[in-house]
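**Q** One structure follows; several queries about it will come next.
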Amino acid sequence: MYRFLFSLVITRVPAETAHHLTLRGLRAIQAVPGLAPLLRRLLAPRDPALAVRALGLEFPSPLGLAAGFDKDAVAYEALGAFGFGHVEIGTVTGSPQPGNPAPRLFRLPPDRAVINRMGFNNAGSEAAARRLRDRRPGTVVGVNIGKTKVVPEASAAADYVASTERLAPYADYLVVNVSSPNTPGLRNLQAVEHLRPLLAAVREAADRASARRVPLLVKIAPDLADDDVDAVADLALNLGLDGIIATNTTIGRDALLSPPALVKETGGLSGAPLKERSLDVLRRLRARTGGRLTLVSVGGVESADDVWERVRAGATLVQGYTGMIYGGPFWAHRVNRELSRRLRASTFRTLDEARR
Ligand SMILES: Cc1cc2nc3c(=O)[nH]c(=O)nc-3n(C[C@H](O)[C@H](O)[C@H](O)COP(=O)(O)O)c2cc1C
């Protein structure tokens with residue numbers, strides 16, 4: 001049904017308009033008393049074998065919604081009700097900013113992919129903190145932070161620290177995003193000599209801002225060379241970080257089937273074409289860190305089989321975004337249900353046992 005609607009109706013609406021309409025629908029659901037809890041009873045994962053304990057938190061399923069969908073923390077409650085085991089809000093920046101001029105979001109249906117150059121459009125970390133202060137319980141909420149575009153690279157740490165101080169008290173976990181291709185110079189912060197002081201400063205700020213030890217993760221790009229992936233893994237261990245999220249979107253455009261005019265659009269590519277590299281990076285991180293970090297795998301996850309493959313490769317948590325664009329509102333619910341079946345058909349009793 002969704003596939004039919006998608007090809008006939010949804011693809012006729014510009015991608016960003018469809019996104020705003022979806023968010024509006026989710027907010028409307030949250031505004032009706034009792035509706036989100038009802039949906040949660042119907043759609044949220046309930047199979048105890050899928051539950052994951054990680055980062056000191058309980059996740060009802062390993063599958064979460066990746067950053068970028070609910071940038072301003074306006075719809076995480078409804079998204080959790082639709083079956084996501086966690087929702088990562090953001091990227092949130094120190095100051096509010098409009099992002100890049102539209103159009104900045106493009107669907108590539110023949111590739112089951114998306115190109116975006118949103119550029120961290122968001123209302124800023126103060127606004128996000130105001131929203132999260134009155135957080136309703138029930139959904140694990142991660143907070144992904146990034147650099148305000150106009151802040152020079154040399155002052156990046158202060159911008160991340162400001163957001164950390166505002167948001168750490170309300171975040172179940174924090175993510176330092178240094179991997180979006182749409183903020184000039186941002187990915188340079190992945191180099192260890194920049195990343196070390198940045199992560200250390202964010203860790204200290206989080207500890208100042210919250211009496212609880214807020215788990216801290218770093219999100220990396222798929223376009224890092226293998227040696228650089230290793231270097232980030234070593235640094236994460238060295239600094240006592242809690243985990244790594246791999247990966248963000250790619251600037252690569254290999255072997256795409258969509259019209260060249262679309263493929264040429266500037267921005268980060270997500271979805272099916274990212275699957276292989278994202279899995280490679282996960283395997284590399286697993287080999288390098290040997291189970292000492294929580295690995296969150298994201299990029300090209302479309303099905304329960306994909307989630308299963310990531311878990312078997314060492315991921316504790318798995319995230320998706322583009323899979324939901326093509327899979328529709330019940331995507332997470334469906335993946336969870338099929339994942340339960342996949343698990344029951346295996347020799348393992350729980351996902352924790354299945355993880356390598
Ligand atoms: C429209 C769009 C916006 C995104 N915005 C962000 C963002 O603000 N911060 C971030 O860390 N990742 C962002 N991402 C990347 C996703 O979180 C994810 O890492 C990437 O899309 C790969 O996963 P997927 O193939 O399941 O989409 C965005 C992705 C898309 C498609």
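Computed from the coordinates by the stated procedures, all read-outs in this text should not be read as laboratory data. Since the structure is predicted, the reported quantities are computational estimates derived from the model, not experimental observations. All Cβ positions, even for glycine, are placed from backbone atoms using ideal geometry, and neighbour counts span all protein chains on display.
**Q** So which helices of the chain fit the span-like rule, where a helix is a whole DSSP H run, its Cα atoms reach 15 Å or more along the axis, and its mean Kyte-Doolittle is at least 1.0?
**A** none
**Q** Shifting gears a bit: Using a 10 Å cut-off on Cβ atoms, rank the peptides 220-229, 177-186 from the highest mean neighbour count down.
**A** So the peptides 220-229, 177-186, ranked by packing, come out 177-186, 220-229.
**Q** Shifting gears a bit: Given N residues in region 202-250, what is its alpha carbon radius of gyration divided by 2.2 N^0.38 Å?
**A** Cα Rg divided by the expected 2.2 N^0.38 Å: 1.29.
**Q** Sequence-distant or interchain residues sharing an amide H contact under 5 Å with Val318, placed H: which?
**A** Here Leu63, Gly64, Ser297 satisfy the definition.
**Q** Suppose we keep just the DSSP beta bridges with both residues in the chain; what percent of those would be antiparallel, to 5?
**A** Of all bridge pairs located within the chain, approximately 30 percent are antiparallel.
**Q** Sorted by packing (mean other beta-carbon atoms within 10 Å per residue), highest first, where do 121-131, 78-88 land?
**A** Answer by packing, highest mean first, reads 78-88, 121-131.
**Q** Hey, another quick one. Per DSSP H run of at least 4 residues, take -39500 (n - 2.57); add these up for the chain, divide by its residues and hand me the 222 nm value, nearest 500 deg cm²/dmol.
**A** About -12000 deg cm²/dmol.
**Q** May I pose another question? Between rounded, prolate and oblate, where does region 1-355 land on the alpha carbon gyration tensor, with a ≥ b ≥ c its root eigenvalues, rounded for a/c under 1.5, else prolate if a/b exceeds b/c?
**A** Taking the square roots of the gyration eigenvalues as a ≥ b ≥ c, region 1-355 is rounded.
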